[in-house]
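Report on the following structure.
The numbers here are math on the coordinates, done by the rules we state, and not lab data. Here the structure is a predicted model, which is why all the values come from computation and not from measurement. As a convention, Cβ positions derive from the backbone with ideal geometry for all residues, glycine included, and neighbour counts pool all protein chains shown.
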Amino acid sequence: MKAVSLETYEIVIGLEVHTELLTNTKMFCGCANQPGAAPNSNVCPVCLGLPGSLPVINQRAVELTALTGLALNCSIEEFTRFDRKNYFYPDLMKGYQISQYQYPIARNGWIEIEHDGQRQRVGIRRVHLEEDTAKLTHRIDPATGRPYSLVDVNRAGVPLIEIVSEPDIHSAEQARLYLMELRSILQYLGVSTGNMEEGAFRCDANVSVRPIGSAELGVKVEVKNMNSFRAVFRALEYEAERQLAAIDRGESVTQETRGWSEDRGITVSQRTKEYAEDYRYFPEPDLPPLALTPQWTARIRMQLPELPSARRRRFVDQYGLSPYDAELLTASRATADYFEETVRLFDRPKTVANWMTGELFRLLNASGLGIESSKVSPPGLASLLKLIDEGTISIRAAKDVFERMFQTGESANQVVEALGLRQISDAAALEHLVDQAIASNPKSVEDYRAGKVQALGFLVGQVMKASRGKANPAVVNSLLRARLDAQQRD
Ligand SMILES: [Zn+2]
């Protein structure tokens with residue numbers, strides 16, 4: 001594809017993120033909100049959409065939505081209301097979805113992202129609360145070859161928030177950074193698992209292109225079906241190029257919805273875009289509007305935890321970490337908590353950071369585990385680091401100890417004893433080996449005295465070998481020096 005248009009055109013992206021809230025119960029009924037439960041086990045007349053059943057608002061869901069709005073620097077509206085969004089689809093039990101249209105809970109916020117060393121704000125237009133739909137699974141009957149679909153109503157009525165950004169994003173990479181930051185904020189708040197592969201965090205994008213300098217937006221294409229951060233990145237890159245190529249050819253872009261096809265690496269037209277009026281929105285007659293008073297909002301604000309950006313800055317200031325390490329160690333709240341708990345027990349932040357970003361992350365990645373399931377706890381890591389610090393084990397041995405702790409859940413001391421790795425730091429125990437090394441390597445001794453410093457390294461190596469790696473090299477080093485220098489003076 002030609003890239004000519006990029007010089008005169010810019011890409012404009014707005015993102016809509018849907019995320020399921022971690023409430024105990026569903027949005028409008030008392031059914032458990034329990035992803036992974038047996039299909040259709042958490043259902044009742046309300047979430048099945050049976051006639052005559054009436055919804056009741058889940059207070060915690062409203063609180064979590066407001067909390068999210070506050071974390072995204074939004075203002076919380078004093079008047080908010082639910083609306084009916086009417087459409088027909090097999091996953092919609094009632095034939096309408098209870099959502100919010102004119103009066104969302106939160107508006108006018110922003111998220112800060114850092115791109116190419118530059119900080120940039122992406123506006124948040126609104127955060128509103130709605131209910132999730134049932135889940136459809138499409139299959140082919142192996143006997144007849146005919147397609148059929150299964151409905152799991154457990155997901156119907158699960159509280160869902162929609163977070164709509166302003167069209168402030170101008171590349172696939174910025175979109176990726178925005179989503180990473182947003183997900184991290186949601187996880188810190190504890191409002192969502194943020195798991196994209198499991199569908200708890202879903203993203204649609206509005207993509208258009210326009211001449212640089214133009215204030216008007218170009219024709220918008222909605223891109224759906226992106227199920228991972230990588231898919232979002234690839235889909236947006238593809239879609240922007242597709243639109244630019246169309247303009248290059250003198251064609252116009254059609255307003256439509258396109259689905260990302262992961263296998264083919266392209267977006268495919270699904271339907272021409274529906275308009276808001278097609279949904280015949282009207283105020284939900286079965287629910288009262290809500291008055292969110294400033295006092296109520298102030299109480300919610302008090303529940304705000306330290307957010308990722310603030311924690312990142314604090315890790316740099318308080319612990320002297322590099323911005324890069326601070327970023328890695330605050331990516332999730334669990335990781336940041338792990339770090340701080342370890343540092344409380346072993347007060348060498350940089351050493352802790354190195355072990356976490358090195359050995360711990362390596363083993364977690366290799367085993368596909370999250371830090372929450374690590375068999376090495378913060379006290380476990382701290383006690384290992386103390387053993388190194390006291391000279392009980394060498395750093396080299398510590399890596400083996402750590403790996404075994406990670407696999408078996410044994411304590412550092414248990415592994416050190418089991419593997420016989422306790423380092424010999426006692427000078428009296430090493431003197432004999434030092435004397436032996438000096439006696440059997442007269443050439444190296446001569447070289448050392450002639451000023452060849454590297455000869456000392458060889459002698460240290462001989463003692464290490466004789467101790468089968470258990471001697472403390474620093475102690476050996478100073479013993480050898482003392483002995484050789486003393487003999488020289490004689
Ligand atoms: Zn229910």
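Computed over the stretch 1-110, the quotient of the alpha carbon radius of gyration and 2.2 N^0.38 Å is 1.43. Note: relative contact order over the stretch 4-299, using C-alpha pairs below 8 Å and six or more positions apart, is 24 percent.
Identify all lysines with a Cα-Cα distance to Lys465 below 30 Å; exclude those on the same chain that are fewer than 8 residues away in sequence. Lys465 reaches Lys386, Lys399, Lys443, Lys452. In the P(r) worked out for the chain, what percent of Cα pairs fall beyond 40 Å? So the portion of pairs separated by more than 40 Å is 41 percent.
With the charge dipole of the stretch 282-358 set up from +1 on Lys and Arg Cβ and -1 on Asp and Glu Cβ about the Cα centre, the Cα lying farthest toward the positive end among the listed residues Trp296, Thr342, Gly320 is that of Gly320.
Rule-of-thumb check for the stretch 395-490: C-alpha Rg over 2.2 N^0.38 Å?
Numbers: Rg = 16.1 Å, N = 96, 2.2 N^0.38 = 12.5 Å.
That works out to 1.29 for the stretch 395-490.
As a footprinting exposure proxy, order Lys443, Lys135 by other Cβ within 10 Å, with the fewest listed first.
Numbers: Lys443 9, Lys135 17.
Ranked by crowding around the Cβ, least crowded first: Lys443, Lys135.
Per-residue Cβ neighbour counts within 10 Å put Asp447, Asp317, Asp168, Asp435 in the sequence Asp317, Asp435, Asp447, Asp168, beginning with the fewest. Farthest toward the positive end of the dipole of the stretch 1-134, out of Thr8, Thr25, Trp110, is the Cα of Thr25, where the dipole comes from beta carbon charges about the Cα centre. Between the stretch 277-304 and the stretch 155-202, the alpha-carbon centres lie 21 Å apart. Using alpha carbon centroids, what distance separates the stretch 28-62 and the stretch 212-271, in Å? That distance is 36 Å.
Any idea what the dipole of the stretch 370-490 comes to, in debye rounded to 20, about its Cα centre with Lys/Arg Cβ at +1 and Asp/Glu Cβ at -1?
Working: 15 positive and 14 negative charges, 60 e Å.
Charge dipole, the stretch 370-490, about its Cα centre: 280 debye, nearest 20.
Dividing the helix sum by the residues of the chain, where each DSSP H run of 4 or more adds -39500 (n - 2.57), gives a mean residue ellipticity at 222 nm of -12500 deg cm²/dmol.
Across the chain, the longest run free of exposed loop sites, meaning GluC sites (Glu not before Pro) lying outside DSSP classes H, G, I, E and B with no more than 10 other Cβ atoms within 10 Å, spans 1-196.
For the stretch 251-339, the share of alpha carbon pairs falling in successive 5 Å distance bins from zero is 3, 10, 10, 8, 6, 7, 10, 15, 17, 10, 4, 0 percent.
Between the stretch 75-140 and the stretch 348-400, the C-alpha centres lie 41 angstrom from each other.
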